[in-house]
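Beneath this line is the structure, given in C-alpha cells, with notes to follow.
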Ligand code: PXG
C-alpha cells in the first residue's frame, strides 16, 4: 500500500484523533468514542479497504452516490489538470470558466426535456435552500407574494441546512434544532404502500396519497402554496417506491393549483433508477430539479439546481441582479470532474446497465430473499432497493424498536464484509452502477447469512 503521509498513523491514533476533534454527522459521539470509529482508507471499484486492511463490498456506493465506482484515474487526472490550468475563479462578476460552460451543455442534454438552466452549489442541502429562495423570488416576480408555503412529505430527506432540514420529513431531524422554521413548510403523507396501504391496492393507495397533497393545498388555500417537493423514490426515508398512479396525479394537482413541482433527484439522479433521472422513470415534469451526489459520483463536492420552462424564462428575463450565489458556485475543478463523470456514465452505458440486465439481475436476486422469515417486503427499481424486516409477515408488524432489528442486521453485514445501511428496520442498498453479477451474488449470499444471524439474535 502507498505510504501517504495522511494515512501513516496507526488505526488507534486515528481513532483517538477523530474522537477528540471530529464533530461527525448524525453520530452519538460518546458511544462511538467508547467503541472506536472505523477508518476507511482506500477503495477500488465496488470495494472499500479499512485501515486494518479489511475489505468491504460497498452496497451503498458511499452514500448512494459513487455511481461510477471508486478508483477512476481519469477523474483524478482531469482534476489535476484543471487544478493546474485554473484552480479557481468565481462566477460572480460577469465571468465564467470553460468547464462550467461544458457542464451546462451536458446537463441540458441528459436532464428531462425543458430543463436547461443550472445554478451550482456544493451539496444537496444548499441546492434545496437555493430552490426555496428561488420559489419565493419566482412568485414575488409574478406578483403573487403570498404563494410561499412549500409542501413536503413525511419521511422525505432534503438535507440538513435550515431550509432543507425544515423540508425534510424525518422527525428526528427537527426537535434538537427547533425546526421546522415557522410558516415555511407543511408535510403530507408519503406513498408508503407496504406500511400504510391497508386493504387498498397500490394503485388506489397512490391516488389517495397524492390527494393528500390536494387536500393540503385546499386547506391552506392555493394562493398560499408556492411549491411541492418530493424525491421520485424516497431514499433515506427507506426506499419508498411510489405506486404507478402516484406521480401522474401529483403532476395533475400541481398544474391545477399552479403549484411549482420540485423533484429532488439527489439520490435518484444519474442512473440510479434505471433512467437518467427518477423524473424519467416516473414521467415527472419538474419546474426545479435538485442534483448532487451522482453529479460528480462524489469524487468532489458539487450540486446543481436544474430549472426549466416558465421558471427559467422568468429568471433569464428578470432584468435585475439576482442576489444569490456561493464563492464556489460553478467551481472549475468540480465542473471538470462532473463533465468527465457524465462522459463515463454515457460511454460505459451505466444508465442502460441499471435499467437493463444488471438492474434486473439485482432486483430478481434480491427478491429470492422475500421468503426469509424476517422479510416482509423486497422492493426496488434499477440499482436501488430495500428489504423491510418485520416481526410478523401477515400483519406486517415491525419489531419493537428497542430490539434494534435493523441495526443488528447492519452490524452483521459489516462484520461479514458488506456495507448495507439500516433505515429503522429497513435494509437499504444502492451499489455503484458498475457492480458485476458476481459481486451481486456475493452480496446476496452475505445478506442471507446476516438475515439468519439477525433472526437468531431475535429468537426467531
Ligand atoms: N436530497 C436528498 C434526496 C438526499 O438524499 C440531500 C438532499 C442532501 O444532500 P447533502 O449533499 O447536503 O448531504 C440528500 C442527502 C442517509 C443519508 O442516511 C442520505 C443523505 C445524506 C446523508 C445520509 O441515507 N442524502
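Values in this text are rule-based calculations from the coordinates and carry no lab data. These figures come from a predicted structure and were not determined experimentally. For neighbour counting, all protein chains shown are included, and Cβ atoms are generated from backbone atoms with ideal geometry for every residue, glycine included.
Quick notes on this structure:
- Converting the Cα gyration tensor eigenvalues of the stretch 1-141 into ellipsoid dimensions via √(5λ) gives semi-axes, longest first, of 36, 22, 17 Å.
- Extended-chain gain in nm, criterion 0.36 nm per residue less alpha-carbon gap, residue 402 and residue 360: 11.6 nm
- Whole-angstrom gap from the stretch 378-408 to the stretch 74-117, using each part's C-alpha centre: 41
- Every Cα-Cα pair of the stretch 223-266 was included, and the share exceeding 17 Å stands at 36 percent.
- Exposure proxy shown here: for 307, 289, the number of other Cβ atoms within 10 Å sets the order, fewest to most, as 307, 289.
- FRET E, pair residue 145, residue 178, Förster distance 22 Å, beta-carbon r, rounded to 0.05: 0.25
- Taking every C-alpha pair closer than 8 Å and separated by at least 6 residues, the mean separation divided by the residue count of the chain gives a relative contact order of 19 percent.
- Whole-angstrom gap from the stretch 239-268 to the stretch 169-186, using each part's C-alpha centre: 22
- With 5 Å bins beginning at zero, the pair-distance distribution over Cα atoms of the stretch 311-443 amounts to 2, 9, 13, 15, 13, 11, 10, 9, 8, 7, 4, 1, 0 %.
- Dividing the C-alpha radius of gyration of the chain by 2.2 N^0.38 Å, with N its residue count, gives 0.98.
- Size estimate for the stretch 130-231 follows the Kirkwood approach: the inverse of mean 1/r over distinct Cα pairs works out to 14.4 Å.
- Ordering 208, 247 by the number of other Cβ atoms within 10 Å of each residue's own Cβ, fewest first, gives 208, 247.
- Working note: 222 nm ellipticity from helices only, DSSP H runs with n ≥ 4, each -39,500 (n - 2.57), summed and divided by the residues of the chain, gives -12000 deg cm²/dmol to the nearest 500.
- Working from Cα pairs under 8 Å separated by at least six residues, relative contact order for the stretch 74-347 is 28 percent.
- Taking other C-beta atoms within 10 angstrom as a stand-in for reagent exposure, 52, 439 fall in the order 52, 439, fewest first.
- Value in Å of the Kirkwood radius, where the stretch 74-347 supplies the Cα pairs that are averaged: 19.0
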